[in-house]
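K.L.:
First the structure, then my questions, so here it is.
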Amino acid sequence: MVATTELPTTVFSLDLNEEQIQMQKWVHEFAEDVIRPAAHEWDEREETPWPIIQEAAKIGLYGPQFLAATTNDSTGLLLPVCIEEMFWGDAGIGMAILGTSLGVAAIVGNGTPEQMGEWIPQCFGTVEKPALAAFAVSEPDAGSDVSALKTRAVYDEAKDEWTINGQKTWISNGGLADVHVVVASVDPALGTRGQASFVIGPNTPGLRQGAKFKKHGIRASHTAEVFLDDVKVPGRQLLGGKQKLDERMARAREGRSTGVQAALSTFETTRPAVGAMAVGIARAAYEYALQYAKERVQFNKPIIMNQAVSFTLADMKVDIDSSRLLVWRAAWMGRTRHPFTSAEGSMSKLKAGETAVRVTEQAIQILGGMGYVRETPVERWARDAKIMTIFEGTSEVQRIVIARAISGLHIT
């Protein structure tokens, strides 16, 4: 008689819990009933959709409570789940609603509890008068190379005041925001280790919007230059405080580890979220193309009956589901503090971003001429998808990050 060993009870599950499912349905309903019907209009207008943001604020979808609920989920999955549904509705409007969270993430990642309590509510404003926040890092000569920032912050100890000068570009909500979080160099010789983040409040003299960009996609999301000319910032608006900054720079000068870096720490926490945005766009295009292929008849049969079409749809579905799994893994790892030993956050953003571009292009091909005209939303989704391989680190940058992580070498 062969002895048997009882298998241990497993706790692994990919099922969402009841709260997550209800939140997913709630966001999906808003995306379906409010965002999608307005998407074409605001894409054509290329303006911030304030009425949609206000509707989101009225039901609690735009505000610190929603962000807290989604980011405090113990599994880490609720935020990407909600983001996917919102971007399934529309990426431009979704970015207009979620763009504030990037500035909030910078405050949470680098600020003190007191700074969070003071500034995060101001990032969202009120239901009657919603506000926006912006995270300003990129510059004309410093996009992927964050170490090349030229914006300077100089401290006046007698006044406990910082003076900031510089130019930022490609800033979501730039100049339009009530609260700007600006990354500036305090000690250029230290590169990224000599940078710090500052909160700049509403109507601060010297901060002004430059050119607003007319973009290929996500056109309902405001993107512009920001100029800082002798902007005076009280010492208390240095995120993390002066003592923490001095200690960090002292360690850098001694060649010791400095821990978290101002700009990179924010990107590390948001890359899986960008992956979720990309999954939402890709899923929208796939679902539309699938339905079209079932209904479109050529040569006396639905075009999905052709292997060329059905195999393409099968590949689209595989790419979307695998991208979502990478996003969920990275979000779960970040929330449960598992180390990102192989740059799993960058993996999720890379795969999902490139999936969105490929799937939306394939959807256009399946629709043929109807995919290329504005009567259907597929061409807009394709335009929106491309940014997912560019912002918050291009695909090439993600590959560098992953290559360095898996090799232990400084790949360039």
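K.L.:
Run the paramagnetic zone check for Gln307: 7 angstrom along Cα to Cβ, then residues of the stretch 360-374 with backbone nitrogen under 20 Å.
P.N.:
What the label zone holds, given the 20 Å backbone N cut-off, is 366.
K.L.:
Which of the residue pairs Lys212/Lys232; Lys58/Lys232; Lys25/Lys349; Lys301/Lys349; Lys25/Lys386; Lys215/Lys351 have a Cα-Cα distance greater than 30 Å in the structure shown?
P.N.:
Lys58/Lys232; Lys301/Lys349, as the Cα separations exceed 30 Å there.
K.L.:
Place a label point 7 angstrom from the Cα of Asp229 along the Cα-to-Cβ direction, then list the residues of the stretch 180-207 whose backbone nitrogen is under 13 Å away.
P.N.:
Only 205-207 pass the distance filter.
K.L.:
Let me test this: with uniform point scatterers at the alpha carbons of the chain, what is the Debye-based log₁₀ I(q)/I(0) at q = 0.06, 0.08, 0.14 1/Å?
P.N.:
Each listed q corresponds, in turn, to -0.26, -0.45, -1.28.
K.L.:
Using 0.36 nm per residue, how much length does the chain from Arg374 to Glu19 gain when fully extended, once their Cα-Cα distance is taken away? Display every interim value, and only then the final one.
P.N.:
Values: separation 355, 0.36 × 355 = 127.80 nm, distance 3.72 nm.
My answer for the length gained is 124.1 nm.
K.L.:
Next question, about the same structure. Asn203 to Arg36: FRET efficiency via 1/(1 + (r/R0)^6), r the Cβ-Cβ distance, R0 35 Å, to the nearest 0.05?
P.N.:
0.50
K.L.:
Cα convex hull of the stretch 262-407: how many Å³ per residue?
P.N.:
106
K.L.:
Moving on to the next point. If you take every DSSP beta bridge fully contained in the chain, what fraction is antiparallel? Give it as a percent rounded to 5.
P.N.:
In the chain, DSSP labels about 85 percent of beta bridges as antiparallel.
K.L.:
Provide Arg296, Arg45 in ascending order of the number of other Cβ atoms located within 10 Å of each residue's Cβ, fewest first.
P.N.:
Arg45, Arg296
K.L.:
Let me ask something additional. Run the simple label-point estimate for Asn300 and Glu396 please: 7 Å along Cα→C-beta, distance reported in nm.
P.N.:
Each label point is offset 7 Å from its Cα along the Cβ direction, giving 5.3 nm.
K.L.:
Determine, from the Cβ-Cβ distance of Asp160 and Glu254 and an R0 of 22 Å, the FRET efficiency 1/(1 + (r/R0)^6), rounded to the nearest 0.05.
P.N.:
On the way: r = 26 Å, r/R0 = 1.18.
Taking R0 as 22 Å, the efficiency between Asp160 and Glu254 is 0.25.
K.L.:
Stretched out fully, how many nm does the piece from His410 to Ser342 gain, at 0.36 nm a residue minus the Cα gap?
P.N.:
Result for the pair: 23.1 nm of gain on full extension.
K.L.:
Suppose R0 equals 25 Å; then what is the FRET efficiency for Phe213 and Ser144 from their Cβ-Cβ distance, rounded to the nearest 0.05?
P.N.:
0.90
K.L.:
Any idea what angle helix 262-295 forms with the longest principal axis of the chain, computed on alpha-carbon atoms, 0 to 90 degrees, nearest 10?
P.N.:
So the inclination is approximately 20 degrees.
K.L.:
Lys/Arg Cβ at +1, Asp/Glu Cβ at -1, dipole of the chain taken about the Cα centre: which of Ala220, Leu190, Ala38 is farthest positive-ward?
P.N.:
In the chain, that residue is Leu190.
K.L.:
On to the next question. Quick one: order Tyr372, Tyr62, Tyr292 by neighbouring beta-carbon count within 10 Å, fewest to most. All intermediate terms of the calculation are to be shown ahead of the outcome.
P.N.:
Details: Tyr372 14, Tyr62 25, Tyr292 21.
In order of increasing Cβ crowding within 10 Å: Tyr372, Tyr292, Tyr62.
K.L.:
Using only Cα atoms, find the angle between the long axis of helix 18-30 and the longest principal axis of the chain, and express it within 0 to 90 degrees, rounded to the nearest 10.
P.N.:
Once rounded, one gets 90 degrees.
K.L.:
How would you rank 303-309, 403-409, highest first, on the average number of other Cβ atoms within 10 Å across their residues?
P.N.:
Order by mean packing, descending: 303-309, 403-409.
K.L.:
Let me ask another. To the nearest 20 debye, what is the magnitude of the charge dipole of the chain about its Cα centre, counting +1 on the Cβ of each Lys and Arg and -1 on the Cβ of each Asp and Glu?
P.N.:
780
K.L.:
Taking the Cα centre of the stretch 18-124 as origin, sum charge times position over the Cβ atoms of Lys and Arg (+1) and Asp and Glu (-1), and report the length of that vector in debye to the nearest 20.
P.N.:
Working: 4 positive and 17 negative charges, 49 e Å.
Here the stretch 18-124 has a charge dipole of around 240 debye.
K.L.:
Enter the angle in degrees (range 0 to 90, nearest 10) between the Cα long axis of helix 91-110 and the first principal axis of the Cα atoms of the chain, meaning the one along which they spread out most.
P.N.:
40
K.L.:
In a GNM of the chain with a 10 Å cut-off on Cα contacts, which of Thr389, Thr336, Thr360 has the highest mean-square fluctuation?
P.N.:
Thr336
K.L.:
Give me the lysines in straight-line cross-link reach of Lys294: C-alpha distance below 17 Å, same-chain residues under 8 apart excluded.
P.N.:
Lys317
K.L.:
Under unit Cβ charges (Lys, Arg +1; Asp, Glu -1), what dipole magnitude, rounded to 20 debye, does the stretch 133-253 have relative to its Cα centre?
P.N.:
360
K.L.:
Of Gln209, Phe299, Val397, which is farthest on the positive side of the dipole of the chain, counting Cα position, with +1 on Lys and Arg Cβ, -1 on Asp and Glu Cβ, and the Cα centre as origin?
P.N.:
Val397
K.L.:
Within a 10 angstrom radius of the beta carbon, how do Glu361, Glu19, Glu128 rank from fewest other beta carbons to most?
P.N.:
Fewest-to-most Cβ neighbours within 10 Å comes out as Glu128, Glu19, Glu361.
K.L.:
Quick one: Karplus J couplings for the stretch 297-304, per residue in order, coefficients 6.51, -1.76, 1.60, θ = phi - 60°, nearest Hz, x for Gly and Pro?
P.N.:
Here the 3J(HN,Hα) series is 9, 9, 6, 6, 7, x, 5, 5 Hz.
Quick note: the coordinates plus some simple rules give every number you see, no bench work behind them. These numbers were taken from a predicted model, which means no experiment stands behind them. Please note: Cβ atoms are built from the backbone with ideal geometry, for glycine as well, and neighbour counts cover all protein chains shown.
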